[in-house]
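Please treat every number below as a calculation from the coordinates, not as lab data. Since this is a predicted model, take the numbers as computed values, not measurements. With ideal geometry, Cβ positions are generated from the backbone for all residues, glycine too; neighbour counts draw on all protein chains shown.
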Amino acid sequence: MTAQTLLEKIKLQTRPEDELALIKRAYEFAAKAHQGQTRKSGEPYITHPLATASELVDMRLDSPTIAAALLHDVCEDTCHSIEDIRKEFGDEIAFLVQGVTKLDKIRYRGTERSAESLRKMFLAIGEDVRVVLLKLVDRFHNMKTLGSLPPEKQKRIALETLEIYAPLAYRLGMAELSGRLEDLAFPYVYPTEYEWLMRETKETYAIWERYTASIKPTLAEELIKEKIPFLEINARAKHYYSLYKKLLRYGMDVGKITDIVALRIIVPTIEDCYATLGVIHKLWKPLPGRIKDYIALPKPNGYRSLHTTVIGPENRQIEIQMRTPEMHEEAEYGIAAHWAYSEMKRRDTKAYAQNRSSLADLKHFSWIEQIREWQKEFKNPEEFLEALKIDFFKNRIFVLTPKGDAFDLPEDSTPIDFAYHVHTDIGNTAVGAKVNGKMVALDHVLKNGDVVEILKQKNKKPSRDWLKIVKSAQARKHISTFLKHSEEDKKFEKRGGETVEFNLMIRDRVGLLRDVTHLLARHKINIKKVDTDTKNQKWASLMIHAQKFKNKTEVEKMMVRLKGIKGVEDVSYKLL
Ligand code: MN
């Protein structure tokens with residue numbers, strides 16, 4: 001991809017002159033900034049932003065997004081700052097570039113509690129769907145050139161792609177991009193399984209391709225006879241990783257998979273889709289229960305098409321899909337197809353220019369709402385749950401540790417909330433915080449994508465005022481618990497030096513009493529009195545009066561230690 005071919009492609013879309021000039025200017029700025037830099041593959045660095053922009057042009061995203069794509073690595077890898085971009089290209093493009101930079105900080109190492117919460121965070125931090133699309137396409141190009149990176153990086157990036165990026169692309173309706181991302185990641189994440197699959201299916205794929213090629217003419221002939229003006233008949237091979245996942249459910253038996261290759265027919269209208277279905281069923285017997293009308297009932301990610309599986313020549317089952325060009329575009333580009341630069345805008349650039357203000361409003365339009373609209377149709381409880389989960393993060397924000405670990409918190413959370421979510425001890429000893437590298441007060445309100453670092457001090461204690469500041473139930477609970485304990489400790493100290501009575505339920509054995517007294521002595525606890533009661537044959541009880549505990553926590557710790565002694569079945573205590 002060169003700048004020349006990119007600009008020529010954009011010109012075909014008849015965008016307004018000022019937008020063309022903007023894209024050109026962004027290219028020149030990026031080319032200059034990346035001058036002399038190379039990718040790990042040895043290519044000039046600018047090839048990467050160019051390839052990213054080119055994908056987005058194919059998706060017909062708006063011109064600020066194309067410009068942002070060209071500029072997206074300028075802040076990371078060159079001496080330019082986001083303020084330079086703002087000065088040169090304005091707030092909107094600076095916002096998009098900054099969004100991508102924020103998303104760069106999210107890391108998935110496969111050890112996180114849940115990939116799902118990371119996916120949610122990704123969407124929330126992206127804020128604007130254009131940022132997420134840009135990032136997905138950026139990753140797509142990086143995956144294509146992953147071979148030049150060191151093996152360890154390859155594995156981490158591929159795993160992240162498989163667990164975070166591909167599922168996100170799918171959920172945004174870009175099944176095709178999702179499948180391509182998975183296939184690029186597959187050999188790096190599961191090399192053995194990938195090789196196995198390649199060996200196992202090489203023949204099968206070839207057989208299927210020959211088969212679909214052989215029935216295509218019959219089908220075309222029949223459609224012409226019935227006067228259905230089809231635009232295309234394609235054979236569509238299943239993506240490898242998707243096939244692999246299906247095989248896991250089918251006992252790894254390739255023979256059981258009937259949709260390794262499907263035929264796809266593109267026809268002008270929805271009526272033509274149903275008419276084509278009729279023609280196919282007249283030609284070959286359909287398999288019962290395999291007609292799927294995703295036109296009447298789209299998938300939750302917006303996918304629309306009509307599917308059927310028939311018993312074709314040679315008694316082979318084959319899946320056939322029918323869709324309109326519009327549905328095809330949606331399946332390729334998902335939410336992006338709904339997003340910007342619609343057919344109308346392309347044809348009528350004047351109307352488009354007039355509509356630009358409303359397009360800018362769209363930026364803030366909650367696209368999550370749109371996904372939910374798609375999901376309304378859905379009856380499957382699992383998918384419905386997914387829809388609810390999206391709802392869940394409406395009032396949540398996502399913040400990161402300096403290492404890139406993600407935590408989700410309620411809106412308006414503070415560094416104290418964050419500290420307690422990372423670890424109770426970090427919360428209890430927090431004295432200050434840095435947000436995005438700058439010192440802030442502990443009641444500072446955090447925003448999506450903030451990188452938060454907590455400054456700690458040993459022996460520091462939480463203050464009662466914190467209860468008024470924190471937003472999360474978790475932080476509140478930890479602070480209350482701490483305060484309650486320290487209250488009890490104060491009372492304890494007031495009565496300091498007094499006696500604690502331990503009551504132990506024991507199975508007596510030789511040396512048990514010695515073990516108990518040794519334990520107490522080792523922790524410098526004085527024993528004032530020991531009493532045993534062995535009336536019961538099976539059970540005995542042991543009563544110990546001990547002194548010199550500093551606080552209640554120490555007593556409780558001792559209780560746990562006593563329980564650890566062999567023969568001690570249960571321990572209780574009271575303050576005398
Ligand atoms: Mn990049």
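If you add up the charges near Thr52, with Lys and Arg at +1 and Asp and Glu at -1, over every other residue whose beta carbon is less than 12 angstrom from its beta carbon, what do you get?
Local charge sum for Thr52: -1.
Could you sort the peptides 451-458, 409-416 by per-residue average Cβ neighbour count (10 Å cutoff), highest mean leading?
In decreasing order of mean packing, 451-458, 409-416 become 409-416, 451-458.
Would you mind classifying the stretch 394-477 by shape? Square roots of the alpha carbon gyration tensor eigenvalues, ordered a ≥ b ≥ c; an a/c under 1.5 is rounded, otherwise it is prolate if a/b is larger than b/c and oblate if not.
oblate
Let me check against my output: what whole-number percent is the relative contact order of the stretch 440-576, with C-alpha pairs under 8 Å and at least 6 apart?
29
Order the peptides 267-278, 432-443, 135-146 from the highest to the lowest mean number of other Cβ atoms within 10 Å of their residues.
135-146, 267-278, 432-443
With charges set only on the Cβ (+1 for Lys and Arg, -1 for Asp and Glu), what does the dipole of the stretch 394-477 come to about its Cα centre, in debye to the nearest 20?
240
Specify the inter-centroid distance of the stretch 475-532 and the stretch 66-107, based on alpha-carbon positions, in whole Å.
59
Once you have a ≥ b ≥ c as the square roots of the Cα gyration tensor eigenvalues for the stretch 524-573, tell me rounded if a/c is under 1.5, and otherwise prolate or oblate according to whether a/b is larger than b/c.
Note, shape of the stretch 524-573 comes out oblate.
Which Cα, out of Ser41, Leu22, Leu61, lies furthest along the positive dipole direction of the stretch 3-174 (beta carbon charges, K/R +1, D/E -1)?
So the residue furthest toward the plus end is Ser41.
For Cα pairs less than 8 Å apart in space and 6+ apart in sequence, what is the mean separation divided by the residue count of the stretch 3-174, i.e. the relative contact order in percent?
20
What is the stretch 399-511's relative contact order, in percent, from Cα pairs under 8 angstrom and six or more apart in sequence?
Reported relative contact order: 26 percent.
Per-residue counts of other Cβ atoms within 10 Å, averaged by peptide: what ranking do you get for 211-221, 474-484, highest first?
474-484, 211-221
Quick check: Cα centre of the stretch 148-169 to Cα centre of the stretch 449-469, how many Å?
Cα centroid of the stretch 148-169 versus Cα centroid of the stretch 449-469: 35 Å apart.
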